[in-house]
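K.L.:
Right, I'll just put the structure down here and ask away after.
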Amino acid sequence: VLSTNKVPSLRSVKLCWSMNESLVPLCEGLSRGRVGPPTKLEMKLMPAGEGCNVKAGVSGLAQVIRKGKLSGLYRLTLRPEDRVVSDAEWESFGEAFTHAEASLESLQSLSLQTDSYMFMSQTDWFSAFLKGMSRGSGRLPALCSLSCPRRGANSKTGFEGLSALVRNGNIPSLGDLKVDLGRLGHERAQTFGSALSSPHISSLRRLDVSLGDSFPPFVVDEVRVLSGGLSSGHLQGLRELCVTGLFVADNVRALCVGLGSGKLTSLWKLDLNHNYLGPEGGRALSELVSEVLVAEKLPSLRTLSAQTADLADEGVRALIEGWTNREPPPLQCVDLGGDALSHDVVNPLLRFLGSKRLPALQSLNVSGPDSGLDSGSFGDPVNPWTQASRDLARNTLFRVFPEIVNIL
């Protein structure tokens, strides 16, 4: 029905299918004609359960794509679970997407996902898939969003495929990229760095980077590679940067090299949420960010989000001091939710807000009593006097600046 245009008025189709042998008859039906514009096709290929023949489904879909039968495909989510499919087979599947006759000119979004039980694998299926994509002679001219999943804890693969796709100009419209750089190491991280240093990455507008788990937190090589890309001059159109997994001060310092390069002139949102830096890391974040988070370096920055980054009182004081001595960016929103502020920092913060050093500021978010930071380490209750100080700090800020301060 779909491929032979039996319903000519149909404009949008969403298929959620298991990645097993049941894909084979579906692909046979699709191969009888073509699903193309103006019909828009979204496919979600999900886990199929143990014992299912994932190979047959992957092979059948690759043939349909290679023959140009899915030119209307505009959004694809892949989440396999069967480790029976070899790297060579994933590469062959990926190569179908950039086959000369694939005609995937409408594909805009590609989301690659991994089941949690595959986390201990030494190979990442999506690395092989992207490597295969990079071998084809065709392009994906409309692909603007690419999301890569969490890498395996024991993975030995890097981002060679993604790097080649970018450097070869196969994905010229890429605007939104999500990657996990955890546990890459210096040599393999360089494969990602070469993508960020390519002139073909200039279309990127949003970059979401995870640096992995907190144990161990030693990912400074990966952060340095990320900073190198931010400093390359090819990301001047980048508007949003999200980085999680910094955890320690050395990683913060490495990131600030890229942030302070002066090459991110279009960046309007910096998201440093959920980095759990601890007192030393939070202090380093504030001190260093107060040096690079200035109008001279980031002239377009409108939003700074640092929820649960452990800035605390000392960190906020460092921000205030930096923005008092140097011109801050034109911030409209500062989000400090999850950062434990006491009454000791209220007066400096009140004086700073009253000074209008941030004339465009529309909202300052601080945590309320139900946010979870009214517990000590491992969930133990904090000292009642500390609790009272935090409550007083929040209430005082809200009372003086109710139009700006939001208690989350």
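K.L.:
From the set of residues in region 283-336 that are of a type in the set (Ser, Thr, Tyr) and open to solvent by less than 20 Å² (accessible area, probe 1.4 Å), which is nearest to the chain's Cα centre (by Cα)?
P.N.:
Among them, the one singled out is 305.
K.L.:
What is the one condition in (1) among the acidic types (Asp, Glu); (2) touching a residue at least 40 places away in the same chain (Cβ under 8 Å); (3) under 30 Å from residue 233 (Cβ atoms) that residue 327 does not satisfy?
P.N.:
Unmet condition: (2).
K.L.:
Quick check on my filter: what residues within region 223-261 are over 15 Å from the mean Cα position of the chain (by Cα) and of a type in the set (Asp, Glu)?
P.N.:
250
K.L.:
A further question follows. What are the pairs with Cβ atoms under 6 angstrom where one residue, in region 358-374, is surrounded by fewer than 16 Cβ atoms within 10 Å (Cβ to Cβ) and the other, located anywhere, is modelled with pLDDT of 90 or more? Sequence gap at least six, or different chains.
P.N.:
Within 6 Å, the pairs are 360/330; 360/332; 362/332; 363/333.
K.L.:
Of everything in region 4-55 that's open to solvent by 60 Å² or more (accessible area, probe 1.4 Å) and among the acidic types (Asp, Glu), which residue is farthest from residue 105 (Cα to Cα)?
P.N.:
For region 4-55, the residue satisfying everything is 50.
K.L.:
Among the residues in region 71-91, are any at pLDDT 90 or above, among the polar types (S, T, N, Q) and surrounded by fewer than 17 Cβ atoms within 10 Å (Cβ to Cβ)?
P.N.:
So far as region 71-91 goes, yes, one or more of its residues are at pLDDT 90 or above, among the polar types (S, T, N, Q) and surrounded by fewer than 17 Cβ atoms within 10 Å (Cβ to Cβ).
K.L.:
Can you tell me which residues in region 87-109 are out of contact with any helix residue (DSSP H, G or I) (no Cβ under 8 Å at 6 or more places or on another chain) and on the phi < 0 side of the Ramachandran plot?
P.N.:
100, 105, 106, 108, 109
K.L.:
Within region 150-165, can one find any residue that is in contact with a helix residue (DSSP H, G or I) (Cβ under 9 Å, 6 or more places away or on another chain), among the acidic types (Asp, Glu) and over 30 Å from residue 89 (Cβ atoms)? Before you say what the answer is, go through the steps one by one.
P.N.:
Just the residues of region 150-165 that are in contact with a helix residue (DSSP H, G or I) (Cβ under 9 Å, 6 or more places away or on another chain), to begin with: 150-165.
Subsequent filtering for residues that are among the acidic types (Asp, Glu) retains 160.
Narrowing further to those that are over 30 Å from residue 89 (Cβ atoms): none.
Within region 150-165, none of the residues are in contact with a helix residue (DSSP H, G or I) (Cβ under 9 Å, 6 or more places away or on another chain), among the acidic types (Asp, Glu) and over 30 Å from residue 89 (Cβ atoms).
K.L.:
Return yes when residue 240 is modelled with pLDDT under 80, under 24 Å from residue 181 (Cα atoms) and either out of contact with any helix residue (DSSP H, G or I) (no Cβ under 9 Å at 6 or more places or on another chain) or not aromatic (Phe, Trp, Tyr) (or both) and no when it is not.
P.N.:
No: the conditions fail for residue 240.
K.L.:
Please indicate, with yes or no, whether at least one residue in region 33-47 is at pLDDT below 85 and on the phi < 0 side of the Ramachandran plot.
P.N.:
Yes; the residues of region 33-47 include at least one that is at pLDDT below 85 and on the phi < 0 side of the Ramachandran plot.
K.L.:
If you check 69, 44, which single one turns out to be in contact (Cβ under 8 Å) with a residue 40 or more places away in the chain and not hydroxyl-bearing (Ser, Thr, Tyr)? Before you say what the answer is, go through the steps one by one.
P.N.:
On the way: 44 fails: in contact (Cβ under 8 Å) with a residue 40 or more places away in the chain.
Being in contact (Cβ under 8 Å) with a residue 40 or more places away in the chain and not hydroxyl-bearing (Ser, Thr, Tyr) holds for just one of 69, 44, which is 69.
K.L.:
Residues being more than 21 Å from residue 164 (Cβ to Cβ), under 24 Å from the mean Cα position of the chain (by Cα) and hydrophobic (A, V, I, L, M, F, W, C): count how many of those fall in region 76-107.
P.N.:
Number of matching residues: 0.
K.L.:
Let me ask you something else. Within region 265-292, work out how many residues are modelled with pLDDT of 80 or more and polar (S, T, N, Q). Can you show your working first?
P.N.:
First, pick out the residues of region 265-292 that are modelled with pLDDT of 80 or more: 265-275, 291-292.
If we keep only those that are polar (S, T, N, Q) as well, we get 265-266, 273, 275.
The total comes to 4.
K.L.:
If you don't mind, there's one more thing I want to ask. Consider only pairs whose beta carbons are under 9 Å apart and that are at least six residues apart or on different chains; among these, list those whose first residue lies in region 25-41 and is over 17 Å from residue 57 (Cβ atoms) and whose second residue is of a type in the set (Ser, Thr, Tyr) and open to solvent by 80 Å² or more (accessible area, probe 1.4 Å).
P.N.:
39/12; 40/12
The values are calculated or read from the model by the stated rules, or taken from the named source; none is laboratory data. What you see is a predicted model; the values in this text were computed from it and never measured. Don't worry about glycine lacking a Cβ; one is built from the backbone with ideal geometry, like all the others, and counts go over all protein chains shown. When the accessible area is computed, the model is the full protein with side chains, heavy atoms only, and any ligands, DNA or RNA have been set aside. Shrake-Rupley method; radii C 1.70, N 1.55, O 1.52, S 1.80 Å.
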